[in-house]
1. Would you say residue B:319 is surrounded by fewer than 17 Cβ atoms within 10 Å (Cβ to Cβ) and at pLDDT below 90?
2. Just checking, does the stretch B:431-449 include any residue being within 11 Å of another protein chain (Cβ to nearest Cβ) and either in contact (Cβ under 8 Å) with a residue 12 or more places away in the chain or buried (at least 18 other Cβ atoms within 10 Å of the Cβ) (or both)?
3. Within the stretch A:262-270, identify whether any single residue is under 16 Å from residue A:210 (Cα atoms), of a type outside the set (A, V, I, L, M, F, W, C) and either surrounded by fewer than 19 Cβ atoms within 10 Å (Cβ to Cβ) or not assigned by TED's automatic domain parsing to the domain that holds residue A:176 (or both), and answer yes or no.
4. Does residue B:204 count as surrounded by fewer than 19 Cβ atoms within 10 Å (Cβ to Cβ), farther than 23 Å from residue B:161 by Cβ and among the polar types (S, T, N, Q)?
5. Might you let me know whether the stretch A:386-406 holds any residue that is without any contact (Cβ under 8 Å) to a residue 60 or more places away in the chain and among the aromatic types (Phe, Trp, Tyr)?
6. Tell me, which helices (runs of 4 or more DSSP H) wholly within the stretch B:37-118 include 1 or more residues that are of a type in the set (Gly, Ala, Ser)?
7. Within the stretch A:403-428, work out how many residues are crowded, with 20+ Cβ neighbours inside 10 Å and within 17 Å of residue A:371 (Cα to Cα).
8. Within the bounds of the stretch B:189-199, is there any residue that is over 25 Å from residue B:289 (Cα atoms) and without any contact (Cβ under 8 Å) to a residue 40 or more places away in the chain?
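The values are calculated or read from the model by the stated rules, or taken from the named source; none is laboratory data. Predicted model only: the values in this text are computed from it and were never measured. Neighbour counts are summed over all protein chains in view; Cβ atoms, including those assigned to glycine, are modelled from backbone coordinates with ideal geometry.
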Protein chains: 2
Amino acid sequence: MQIDEEVAKLLELKAQLGDDGKTQFVLKTPKGTRDYNPKQMAIREKVFNTIIRCFKRHGAETIDTPVFELKETLTGKYGEDSKLIYDLKDQGGELLSLRYDLTVPFARYLAMNKITNIKRYHIAKVYRRDNPAMTRGRYREFYQCDFDIAGQYDAMIPDAECLKIVHEILNELDLGDFRIKVNDRRILDGMFAVCGVPDDKFRTICSTVDKLDKMSWEDVKKEMVNEKGLSEEAADQIGEYVSMQGGMDLAERLLQDHKMSQSKQACAGLSDIKLLFKYLQLFHVTDKVVFDLSLARGLDYYTGVIYEAVLTQAEESVSVGSVAGGGRYDGLVGMFDPKGRRVPCVGVSIGIERIFSIMEQKAEASPQKVRTTEVQIMVASAQKNLLEERLQLISELWNAGIKAELMYKKNPKLLSQLQYCEEAGIPLVAILGEQELKDGVVKLRVVATREEVDISRADLISEIKRRTEPVYLMGSSEPCTEFLLQSTTEQVEQEP
Amino acid sequence: MQIDEEVAKLLELKAQLGDDGKTQFVLKTPKGTRDYNPKQMAIREKVFNTIIRCFKRHGAETIDTPVFELKETLTGKYGEDSKLIYDLKDQGGELLSLRYDLTVPFARYLAMNKITNIKRYHIAKVYRRDNPAMTRGRYREFYQCDFDIAGQYDAMIPDAECLKIVHEILNELDLGDFRIKVNDRRILDGMFAVCGVPDDKFRTICSTVDKLDKMSWEDVKKEMVNEKGLSEEAADQIGEYVSMQGGMDLAERLLQDHKMSQSKQACAGLSDIKLLFKYLQLFHVTDKVVFDLSLARGLDYYTGVIYEAVLTQAEESVSVGSVAGGGRYDGLVGMFDPKGRRVPCVGVSIGIERIFSIMEQKAEASPQKVRTTEVQIMVASAQKNLLEERLQLISELWNAGIKAELMYKKNPKLLSQLQYCEEAGIPLVAILGEQELKDGVVKLRVVATREEVDISRADLISEIKRRTEPVYLMGSSEPCTEFLLQSTTEQVEQEP
């Protein structure tokens, strides 16, 4: 056994050495990161388009911030999670760290530019030195898609819009049924107070409650009592509350609850939940929203309503956990302002990597081919020595805005040009031959049906457009990216 | 004087301390980086759309790679510039560096996935610890927009396409007149050889020649002779060649040149330049392309044709230097392959930050307002206590795909709602009042003309679309983003 292991180690070492004995480097991406291949990029683009379209529909502007911040900008914002921040090496100059989320850079941006009102989205990568679980969409480099509303406004109006946005996006992405859990930091704190949790244990008990979606109540209680030193009585009282789920009715009931109503904080939170549900009813989204007292999102900076969306059919495939989350953080911007001026904020972050994982699995399971380009036509030749004619024609097409390719060979075989079209899903071929050149025409071939028709050079561009471009109905603003991702076979079959 | 300085220092120190004496951190982005505000993002989006549309027109797929690579992946690829690479701190685990360009990650990706044929674009940020010159668009964090063709193909066909792409993009961005300089690494090396430059001085003399766009020939010659120890005679011979500019004719003349023709390498390069110009003629782009023997791009990895685009009218505003560049690098992928298999590549990188700088200046100089959102309508109320009705209506609009906003106040004043529309360039307002609700209508107001008309609730959505959405002509695939960025006044005035 031991000899086997030694041999294996030596073989591995040998593999790392090239034929000439030179050390070969490892060809890989850093731990917890990945490349996106063209197919994954096509799916990513589709998801981003849906999300951006929704953010724009709600009137958001967009900003961008650097991938790294001064180290001190991130200090003291993430509690225990600070150890997961990537620092840059001190190469002289400022001490820098990679951004951990988009919320802290947003708050820094607001304070730095003295902005008190903005509705913005920001889609960018963030970095966490966490234990990656890549099959479940957990990476060390991953995208966040954030939408936030900053400003002093009337209660729950922007908050309700954030939930409407989550509802719209998850609906449109068609990921199956989902639930949006809602709670309020003030209700949690009030609940802890009336259950007899000492003030200094609020945060740690809160993070134990947060584990209820992965652990049974018995185990959560054990952790509270045995590890965190809470009295069994207090734990049991918490246990009763955190099992409660409902809607506006539950908020009303708890406002009457003799214990809960003793906490002013809890009452403020409960009144806001009531108001929130009233607005959500007007948005017709209450079917997916549930007031859940066990929801206790980790981040320190939340001050009011918090929410999290989960897919409820996800057990079938891979469990992906929450796909969106957010809440109100009225104090964060003030941490950056020299005079501590508060800018109330509420926002939502879409967990895009988990959504990618699901979409990728769906695409792989589907018989439909994902196209990675939008090429409409290949410029081909049926005979030798026609490279110059192909170059001239393709240049005309490019100049007319047609998406076109040609093979980079002087004399490619017609068959290999046609095969390339089949593989890449290119719907049309413009075939040039001696006869066509003489007649001033191009032979237009429909790849799927093998139909061929001579088109005069003058009509070629409009004919290509007619046959391949999505028809925009008057007044429709959505370019049909869906269409472009679909297998071309279908497109062509729809032709008269 | 000294006292004044001391006082200033103390005041500065005091400013850094809060009222409570706590040290305040500095509110800034790291040196050489910047935030993009919504206006800059609108411009950036427009430029990206133009570039991506061009890359897609040429049938490119897209990929993405992590922002950092294993340190050893970048080692030995950038020569002297390696000192500009950002390293991450060693926090246990792998040693990582931020990517310095997109070409090396691309080559790593090809070798790692054993890809021998691909046409891809990649738009992402890269990082260089260089001396920033932000007014001229030189940052430490900046975008690259790369298009590359990898594969064993017939000579100069993909190379010519790269130049066609530069031509299309610079034309479409409308940055004024431009020139694309072309040369070949083999012509440079052959020229150095026949001029008597010792082999081991090729690279260093080459980097001196590269300075000819910023320095006079006299100064370049001085550097060659005094600093790099080249003989005066050799320098003079180089001086004669590097002053030459032309087209296909110059390549032909140099092929007959008694000295140049002694170098096989130079002849191979000159024949390729001839072929390149033949293809560029078929693309009708030779008016902008010039064969320039003084072009000597720095990067070590180029093996064949090289090119660089410069704006020729840039002196008027700020000098931005080259706005695109690239060339052939047939050896780079082989450096990553354990067996050294070569994958010939040619590509081009668009210098997007410099283009942003110019576009920003143009936008600032223009009377036309840059819109940062695409909102079509504001849902407003003329009386108090209509928040619920506004929420219900805006929800209907969002669900119908209309881009709509409302003010997050229970009872906003009509005037402030209208003012918000003027400022944000929102073209329409849907006004709700008691009377309108009773009549089942909405008062639709055109912000620019103040025209008001009652529209029934049933017709509202189609009326908004008719009045605000760009009309797509059948067969037109370009969504009119231009239109959306324009001042809305114009849009509205075009209405019948």
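1. yes
2. Within the stretch B:431-449, none of the residues are within 11 Å of another protein chain (Cβ to nearest Cβ) and either in contact (Cβ under 8 Å) with a residue 12 or more places away in the chain or buried (at least 18 other Cβ atoms within 10 Å of the Cβ) (or both).
3. no
4. On the way: surrounded by fewer than 19 Cβ atoms within 10 Å (Cβ to Cβ): yes; farther than 23 Å from residue B:161 by Cβ: yes; among the polar types (S, T, N, Q): yes.
For residue B:204, the condition - surrounded by fewer than 19 Cβ atoms within 10 Å (Cβ to Cβ), farther than 23 Å from residue B:161 by Cβ and among the polar types (S, T, N, Q) - is met.
5. Scanning the stretch A:386-406, I find at least one residue that is without any contact (Cβ under 8 Å) to a residue 60 or more places away in the chain and among the aromatic types (Phe, Trp, Tyr), so the answer is yes.
6. Values: elements: B:38-57, B:71-74, B:103-112.
Answer list for the stretch B:37-118: B:38-57, B:103-112.
7. Residues that pass the stated criteria total 8.
8. Just the residues of the stretch B:189-199 that are over 25 Å from residue B:289 (Cα atoms), to begin with: B:193-199.
With the extra rule that they be without any contact (Cβ under 8 Å) to a residue 40 or more places away in the chain, the set shrinks to B:198-199.
Yes, the stretch B:189-199 contains a residue that is over 25 Å from residue B:289 (Cα atoms) and without any contact (Cβ under 8 Å) to a residue 40 or more places away in the chain.
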